[in-house]
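S.K.: Before I ask anything, let me first share the structure, which is written out below as structure tokens.
FYI, it's all coordinate maths here, none of it is from the lab. Predicted, not measured: the structure shown is a model, and the values here were computed from it. Cβ sites come from the backbone with ideal geometry, for glycine too, and all protein chains shown count toward neighbours.
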Amino acid sequence: MWVQFFALLLFKGVELIFFLREEAVQNRGQVFVGVALVAIGVLLALGAIFKINVWAFCWPLVLILVGVWFLVRPRLLSEGTLSNIHPLGGVRRFGKWTVANEEIWMFVGDIDLDLLQADIPAGETVLRVFGFVGDVDLTLPRDVGLSYTSTAFVTDSRVNERKLEGFLIPTSFASENYATAEKRIRLETLFFIADVKVRSV
């Protein structure tokens, strides 16, 4: 009976990813975090009930899944979206460079993106950053619209003079000119622990 109950919980969690309407959540990253927490809880409960060392076979499985994801993910991206993987270290861009839709994957590191002199295309440009522990700094011109969402176990964010903190809840911000700005940046971060600073200059 317990096995069926936990299996049902896991099934419902996975079902959220594929069948929840997009307007019901801010982004799929939030659904993923929720499902991951449910899955971890289920595994720990099963391990306690049946006295099984769950982690003995979960860690190898996690490593395999992460490796497969890194191989497959670039093929799933829409055309024109860049994918960069930096397991350790970070990414630093400043001066003249071209901003494009991009996903940055990392384990631990710093992301420093200075858009003041960058070539930002008209319309919305989406920057997604995924990792375990990360420090993300974004500087952009004041006339560029900004939408920011962070999903993390612990989030410490500062957008201009506004401080945003979250513990197991997403944090989000949108500038007043986001809907009307000619150039717009949508920053989405998904971490276990995230420190994000965004400045409009």
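S.K.: What is the packing order of peptides 139-145, 193-199, taking the mean over residues of other C-beta atoms within 10 Å and listing the highest first?
M.R.: Taking the mean over residues of other Cβ atoms within 10 Å, the ranking is 193-199, 139-145.
S.K.: Suppose R0 equals 22 Å. What FRET efficiency, 1/(1 + (r/R0)^6) with r the Cβ-Cβ distance, do V54 and F107 give to the nearest 0.05?
M.R.: For R0 = 22 Å, the calculated efficiency reads 0.45.
S.K.: Dipole of segment 79-201, Cα-centred, from +1 at each Lys and Arg C-beta and -1 at each Asp and Glu C-beta, to the nearest 20 debye?
M.R.: The dipole magnitude comes to about 160 debye.
S.K.: Report the residues of segment 162-201 in range of a label on R142: point 7 Å along Cα→C-beta, backbone N strictly under 12 Å from it.
M.R.: Under cut-off, by backbone N: 200-201.
S.K.: Per 0.36 nm of contour for each residue apart, how much would the distance between L65 and F94 grow if the chain were fully extended, relative to their Cα-Cα spacing?
M.R.: 7.1 nm
S.K.: If you don't mind, another one. Rounded to two decimals, what is the ratio between the C-alpha radius of gyration of segment 82-200 and 2.2 N^0.38 Å?
M.R.: Segment 82-200 yields a ratio of 0.98.
S.K.: What's the local net charge at R199, with K and R +1, D and E -1, over the other residues with C-beta under 9 Å away?
M.R.: Residues close to R199 contribute a combined charge of +1.
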